[in-house]
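S.K.: Before I ask anything, here is the structure I am working with.
The values are calculated or read from the model by the stated rules, or taken from the named source; none is laboratory data. In this text the structure is predicted, and so the values were computed from the model without any measurement. Methodologically, a virtual Cβ is constructed for each residue, glycine included, from the backbone with ideal geometry; neighbour enumeration extends over all protein chains shown. To get the accessible areas, we keep the full protein, side chains included, count just its heavy atoms, and leave off ligands, DNA and RNA. Shrake-Rupley method; radii C 1.70, N 1.55, O 1.52, S 1.80 Å.
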Amino acid sequence: MSLAHTTVLLWAWGSLQAFEIVEKENIFLKTPCPAFLMFDNAAYLADMSFELPCHCKPEEVPAVVWYYQKHVGWTHVGNSHTKVLTDFDGRVLTEAAQVRVGSDMLVRFSIRMFSLLVFRAQPEDSGLYFCGTRKGEYFYAYDVDIQSNEGMVATFKDMGQKPFADEYYGNLHVFTTFWEWTPCDRCGVRGEQWRIGLCYLQSPDLSPRYRRTQSDVVSCGSQAVPRRLRTSVKDHMPELLVQSCLVPCEKKNRFRESVLAIYNYVSKVGSKPWVPKVPIQFHQQRLGHGLIISCPGARPEHAVAWDKDHQHLYRTQYLKGVNRSMRVFIDHGNQLHIRFTQLSDRGIYYCWRQGVQIAGFRLSVTSRGHYPASLSDPETRAAVELTLISYLLITAIFVTVHLCRCCCYTFHFRPMFSP
């Protein structure tokens with residue numbers, strides 16, 4: 001290649017790089033920072049992951065720093081109420097020595113292209129998030145409301161159940177806002193789909209510093225809600241609306257399915273091993289101990305389904321909270337729980353994600369072997385708690401009986417003094 005061609009290629013490559021840099025900078029030039037800091041309201045369900053983009057920043061600022069405050073009013077960066085979620089180069093804090101409070105909270109954050117990513121958010125993560133500089137100059141802010149899934153109410157549409165009715169308290173209107181329906185969690189057979197509903201309210205008494213998608217409407221846990229109104233909305237829980245669905249499966253490679261069918265047929269006569277349709281993970285569990293199975297790559301907002309061998313575990317029967325005495329159930333984070341494992345729990349548990357079967361778990365249950373007890377085991381903790389409660393109850397009964405005997409003895413044999 002001649003020198004002229006090389007020069008032209010280098011010039012073209014440099015032009016493309018310059019164009020790319022200009023395009024990235026124009027993203028922030030198109031969104032001017034507000035003169036008065038406002039808070040964008042955003043609501044999510046617990047255990048969800050979400051992203052908070054820094055929509056604006058001055059051109060001369062090379063990196064942003066994210067701050068967190070629990071309540072509005074503590075606006076001075078550097079005091080004991082403000083947490084710095086990143087270091088001054090835009091990276092996440094990883095050293096526990098640099099974090100005073102909430103180190104377990106900080107490890108669930110990540111920074112990518114000036115945006116803050118929050119993984120498996122919890123209700124205690126609710127609060128105000130600021131995008132700014134190391135000097136404490138804020139450009140953009142969010143009012144994040146993480147609503148707990150404890151006490152979440154499930155409504156099954158096929159059974160004729162209906163969501164909560166709206167509530168009115170004078171000028172206060174409390175209601176549920178539902179997200180879009182998830183895809184069908186299975187294909188080729190009857191499946192289920194659902195939509196998450198979060199608590200919202202409408203009131204003319206909201207703080208003007210918070211931006212809303214609709215007039216006078218924010219999530220129930222927003223900082224814009226005055227304290228006197230929060231008592232009226234604390235009992236309005238998030239909802240889960242579930243209905244049945246049936247969709248066909250996408251066409252797969254016919255040749256591969258034919259090969260698998262031949263392999264499975266030959267395996268029955270012992271000539272070839274059994275070839276599963278999805279990856280299978282093997283697990284051995286102790287008899288009487290609990291087990292939690294997670295679907296690979298699944299998040300709480302995904303459509304996830306579970307099958308045991310050829311039995312479909314539908315949410316209408318196995319969702320957490322449907323029956324208080326459930327031993328096998330699916331929680332709101334799409335995890336399968338098996339409490340006090342029994343021999344009948346042996347089998348292959350298949351996981352569906354977004355309508356596609358992606359993995360299987362072959363579970364075997366054994367009663368042999370000696371395992372050291374550990375307080376990290378939920379069953380061990382439950383046994384210790386039950387033992388302590390029983391001991392305290394017996395002690396209380398013992399003390400009460402002896403006090404009664406002493407009182408009876410004192411009043412029955414009280415000496416009579418004659419004048």
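S.K.: Give the residues of segment 232-260 that are hydrophobic (A, V, I, L, M, F, W, C), under 39 Å from the mean Cα position of the chain (by Cα), at pLDDT below 60 and open to solvent by 50 Å² or more (accessible area, probe 1.4 Å), sorted by residue number.
M.R.: none
S.K.: Got at least one residue in segment 279-289 being within 15 Å of Trp352 (Cβ to Cβ), in a strand (DSSP E or B) and open to solvent by less than 30 Å² (accessible area, probe 1.4 Å)?
M.R.: Taking every residue of segment 279-289 in turn, none turns out to be within 15 Å of Trp352 (Cβ to Cβ), in a strand (DSSP E or B) and open to solvent by less than 30 Å² (accessible area, probe 1.4 Å).
S.K.: Let me ask something additional. Any residue at all in segment 183-199 that is closer than 17 Å to Asp166 by Cα, open to solvent by 30 Å² or more (accessible area, probe 1.4 Å), at pLDDT below 95 and not acidic (Asp, Glu)?
M.R.: no
S.K.: Please go through segment 293-332 and pick out each residue that is among the small types (Gly, Ala, Ser) and touching a Ser or Thr at 6+ places or on another chain (Cβ under 8 Å).
M.R.: The one that is among the small types (Gly, Ala, Ser) and touching a Ser or Thr at 6+ places or on another chain (Cβ under 8 Å): Ala303.
S.K.: With the condition kept exactly as written, say whether any residue in segment 329-336 is touching a Pro at 6+ places or on another chain (Cβ under 7 Å), of a type in the set (Val, Ile, Thr) and modelled with pLDDT of 90 or more.
M.R.: Within segment 329-336, none of the residues are touching a Pro at 6+ places or on another chain (Cβ under 7 Å), of a type in the set (Val, Ile, Thr) and modelled with pLDDT of 90 or more.
Every residue, every condition in (1) within 17 Å of Leu52 (Cα to Cα); (2) at pLDDT below 75, yes or no:
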site: Glu95; (1), (2): no, yes
site: Leu106; (1), (2): yes, yes
site: Gln122; (1), (2): yes, no
site: Gly132; (1), (2): yes, no
site: Ala141; (1), (2): yes, no
site: Asn149; (1), (2): no, no
site: Lys162; (1), (2): no, no
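S.K.: Among all residue pairs at least 6 apart or on different chains, which show Cβ distances below 9 Å where the first residue, located in segment 172-185, is among the aliphatic types (A, V, I, L, M) and the second is assigned to a loop (DSSP other than H, G, I, E, B) and open to solvent by less than 20 Å² (accessible area, probe 1.4 Å)?
M.R.: Leu172/Ser203; Val174/Cys220; Val174/His236
S.K.: Filter segment 215-231 down to the residues that are part of a helix (DSSP H, G or I) and either β-branched (Val, Ile, Thr) or surrounded by 15 or more Cβ atoms within 10 Å (Cβ to Cβ) (or both) and list them by number.
M.R.: Correct list: Leu229, Thr231.
S.K.: Okay, next question. Evaluate the following for Arg324: is it among the basic types (Lys, Arg) and in contact with a strand residue (DSSP E or B) (Cβ under 8 Å, 6 or more places away or on another chain)?
M.R.: Answer is no for this residue.
S.K.: Right, another one. Of the residues that make up segment 397-415, is at least one at pLDDT 60 or above and closer than 30 Å to Gln284 by Cα?
M.R.: So far as segment 397-415 goes, no, none of its residues is at pLDDT 60 or above and closer than 30 Å to Gln284 by Cα.
S.K.: Moving to a separate point now. How many residues, within segment 381-413, are assigned to a helix (DSSP H, G or I) and loosely packed, with under 10 Cβ neighbours inside 10 Å?
M.R.: Residues flagged as assigned to a helix (DSSP H, G or I) and loosely packed, with under 10 Cβ neighbours inside 10 Å within segment 381-413 amount to 3.
S.K.: Continuing with this model, one more query. Pairs under 8 Å by beta carbon, first residue without any contact (Cβ under 8 Å) to a residue 24 or more places away in the chain in segment 109-122, partner open to solvent by 10 Å² or more (accessible area, probe 1.4 Å) and not in a strand (DSSP E or B), six or more apart or different chains?
M.R.: Hits for this filter: Ser110/Phe119.
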